[in-house]
Every structure is written in C-alpha cells, then in structure tokens.
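The values are calculated or read from the model by the stated rules, or taken from the named source; none is laboratory data. Being a predicted model, the structure only gives us computed values, none of them experimental. Heads up, the Cβs are rebuilt from the backbone with ideal geometry, glycines too, and the neighbour counts pull from every protein chain shown. Side chains are part of the model used for accessible areas, which takes the heavy atoms of the whole protein and leaves out ligands, DNA and RNA. Shrake-Rupley method; radii C 1.70, N 1.55, O 1.52, S 1.80 Å.
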Amino acid sequence: MALSEFEIARVMKVVGAYVESVRPAAHLRAQVDVSFRIKNQSVEIFSIRPSWNGQPGELMEEPAAKATYVRTSDHWEVFWMPASRKWKFYEPAPAVDAIEDFVELVRADAWSCFWG
C-alpha cells in the first residue's frame, strides 16, 4: 500500500531537507548531484552523474540508500546498495521507527555503505 498524502508530505520535507543539505554547489551539479524519489511505500536517495559510457548528455543514477515503510509494524526498513546491485538490509540498523532516523543513519554513514 502506498504512503498517504500526509506521509508523502512528511517524507518530502524530511528527506528533501537532507538532500538539499548534501547537494553540491550549483555550478557542480552538471557533474554530480543528489536527489530522491518516493515510489509506493519507499523513498530512495541517489546520486546523478553523466554516464561514463553513454551518449553525451546522458545521465545515470547511482542508488545510495532506501527506506521502505512497513505499515503493519509501523517502522521503516533500511537498505543500501552493494556491488551486487541488489538492495541489502543495512545491518547496523535494518529498521528504524521514523523517517528522521533513516535520514540520520544516511547522514552519519557510520559503515560507509551509503556514500562510500
């Protein structure tokens, strides 16, 4: 089940503020940028860069972190993207109670899983 409008607005506010705080300076954003998307009950944070082997102007997204809301247990499951290119639970904290807790995990990146 997708997030409600209220939940989407909260995620947009919290995750949006984090993303804005880590985005590079405006003059560098053509080389690298950071963004997020909400899809169903998940929020993904990713970097955006020019494709290294594609057409000029083609961009690629590099996933960094993902949180999926589990309504039945009222928590967010936390994932990172290893070299296997398959989302994997973030072992130090595979679930958090609030979207703010997810953002703090990504910000701290204690195990260097999200941003390397």
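Here are the numbers:
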{"read-out": "Relative contact order (%) - the stretch 1-46, alpha-carbon pairs under 8 angstrom, separation at least six", "value": "39 percent"}
{"read-out": "Largest to smallest accessible area among 58, 7 [probe 1.4 Å]", "value": "58, 7"}
{"read-out": "Formal net charge of residues neighbouring residue 92 (Cβ-Cβ distance under 13 Å; K, R +1; D, E -1)", "value": "-3"}
{"read-out": "Per-residue SASA entry for residue 81, accessible area with 1.4 Å probe, Å² rounded to 10", "value": "30 Å²"}
{"read-out": "C-alpha long axis of helix 99-108 to longest principal axis of the chain, angle in °", "value": "50 degrees"}
{"read-out": "Chain lengthening between residue 29 and residue 95 when straightened (0.36 nm per residue, less Cα-Cα)", "value": "20.6 nm"}
{"read-out": "Sum of -39500 (n - 2.57) over DSSP H runs of 4+, divided by residues of the chain (222 nm, nearest 500)", "value": "-8000 deg cm²/dmol"}
{"read-out": "Principal semi-axes in Å for the stretch 1-63 [√(5λ), Cα gyration tensor, largest first]", "value": "26, 15, 7"}
{"read-out": "Matching label, Kirkwood radius over Cα pairs in Å computed from the structure shown, candidates (i) 14.4; (ii) 16.6; (iii) 14.9", "value": "(iii)"}
{"read-out": "Neighbourhood charge, 11 Å Cβ-Cβ cut-off, centred on residue 68 and excluding it, Lys, Arg +1 and Asp, Glu -1", "value": "+1"}
{"read-out": "Distance between the stretch 32-50 and the stretch 52-108 - C-alpha centres, whole angstrom", "value": "9 Å"}
{"read-out": "For the chain: relative contact order, % (alpha-carbon pairs under 8 angstrom, 6 or more apart)", "value": "18 percent"}
{"read-out": "Solvent-accessible ranking of 105, 28, 3, largest area first, probe 1.4 Å", "value": "28, 105, 3"}
{"read-out": "Trypsin sites (Lys or Arg not before Pro) restricted to DSSP loop in the stretch 15-116 with at most 13 other C-beta within 10 Å", "value": "29, 71, 85, 86"}
{"read-out": "Lysines with Cα under 18 Å of residue 88, excluding same-chain neighbours fewer than 8 positions away", "value": "39, 66"}
